Amino acid sequence: MVLSVTLNPCIDKTIYLDNLEIGAYNRVKNTRVDLSGKGLNVSTVLNNLKEETMCMGLNFRESGNTLEHAMTARGLQYYFVRSEGAIRTNIKLFDQSNHIMTEVNEAGPNVSFAAIEKLVDEIDVRLDHTHILVLSGSVPPGVPANIYQRLIHLAHKKDVKTVLDTTGEPFRLGLEEKPFLIKPNSKEFEQAFKNELKSGKGPLEVARQIVDGGIPYVCISMGADGALLLDQEHTYRAKAIPVEAKGLTGAGDSMVAGMCYALRKRLGTADMLRHAMACAAGSVRQEGTLLAREADVKELLPQVELEIIA
């Protein structure tokens, strides 16, 4: 089973514009609202691919039923610990002329210590039946920055593979526990390893050092430029599949789901990246936070162009 953890679920409000002009009047063409969260998105795609998965994380009392109803509608197993407050709302401004997304994300409500401890205990119990633990997304106020580091440590004790997809201090601390796979995008990679990059090393050299240092897989997503995936032997590069972009939210989460799916099927590194790219393209060509489906992946897999560059 793949267990995903979402500490900061959200309501994504996507606003479609012909051409976003900063500081000017903009007319809205269309809007849509989706219940989202990086771990929830990963599990949604895995469920679409008929892989056993479960969502865990934090929920909030003022709007908690909304999240649970959405999970039930998607046919997902879930367990959430409720804390005070309401699910945050994130605004996504999609410039359709330039295919650029501008995001304005709330931080989320403050979480109690009791809720954090209860969630950690509940995750620990379920690790006994978990093959891959996915830790992704931001950490809301009140949650310690070492939360992912702590959960990776618990997973290691039970031989559970871990995937880390977050930013900032939670990412830096999580790296210290050597997760099985990390998936920053290119901007997040630059922010996390700016000191190494400033020293004169290139991104590929830094990524190779990370793998050699004990993290078996490093995937760097690069949007329209595709993605890189490094293992202990090679560096693979995939081109982005040319599809009409209707929504960019969730593409990275779909990539993570594709790699988890390949790992569960015991596929090799090249096929991990192929599934990641097919899932991402399947997500991008749908509006809002709609995610890759099984039919998308079957159609798009043959279109992935892959090469070994090192």
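A few comments on the model shown:
- Membrane-span-like helices in the chain, defined here as complete DSSP H runs extending at least 18 Å along the helix axis by their C-alpha atoms with mean Kyte-Doolittle hydropathy no lower than -0.5, are 113-126, 251-264, 269-284; this is a sequence and geometry rule, not a statement about a membrane.
- Most mobile listed residue (E106, E205, E68) in the chain, GNM with C-alpha springs under 10 Å: E205
- Dividing the helix sum by the residues of the chain, where each DSSP H run of 4 or more adds -39500 (n - 2.57), gives a mean residue ellipticity at 222 nm of -11000 deg cm²/dmol.
- Ranking S4, I22, S112 by how far each Cα lies toward the positive end of the dipole of the chain (charges on Cβ) leaves S4 at the top.
- The chain - percent relative contact order, Cα under 8 Å, separation 6 or more: 16
- Whole-angstrom gap from the stretch 1-78 to the stretch 156-232, using each part's C-alpha centre: 25
- Of K38/K118; K29/K187; K38/K92; K118/K183; K178/K239; K239/K298, those spanning more than 23 Å from alpha-carbon to alpha-carbon: K29/K187; K118/K183; K178/K239
- Unit charges on C-beta of K, R, D, E only; dipole of the stretch 165-256, Debye: 240
- Dipole of the stretch 200-241 [Lys/Arg +1, Asp/Glu -1 at C-beta], most positive-end residue of G202, I241, I215: I241
- Overall, the stretch 153-310 carries a charge dipole of about 240 debye about its Cα centre when +1 sits on the Cβ of Lys and Arg and -1 on the Cβ of Asp and Glu, all other atoms neutral.
- Fraction of accessible area attributable to carbon and sulfur, the chain (%, probe 1.4 Å): 48
- Most mobile of D296, D231, D18 in a GNM of the chain (Cα contacts under 10 Å): D18
- Accessible surface for D165 stands near 10 Å², nearest 10, in the context of the full protein assembly shown (1.4 Å probe).
- In the context of the full protein assembly, I11 retains an accessible surface of approximately 40 Å², using a probe radius of 1.4 Å and ignoring ligands and nucleic acids.
- Solvent-accessible area per residue in the chain equals 44 Å², computed with a 1.4 angstrom probe and all protein chains kept.
- Mean Cβ neighbour count within 10 Å, used as a protection proxy, ranking 132-140, 146-154, 91-99 highest first: 132-140, 146-154, 91-99
- Sum of side-chain charges, G39 neighbourhood, beta-carbon under 11 Å (Lys, Arg +1; Asp, Glu -1): -1
- Largest mean-square fluctuation among V256, V143, V284, in a Gaussian network model of the chain whose springs join Cα atoms under 10 Å apart, belongs to V143.
The values are calculated or read from the model by the stated rules, or taken from the named source; none is laboratory data. Note that this is a predicted model, so its numbers are computed, not measured. When we count neighbours, we look across all protein chains shown, and the Cβ atoms used for this are built from the backbone with ideal geometry, even at glycine. When the accessible area is computed, the model is the full protein with side chains, heavy atoms only, and any ligands, DNA or RNA have been set aside. Shrake-Rupley method; radii C 1.70, N 1.55, O 1.52, S 1.80 Å.
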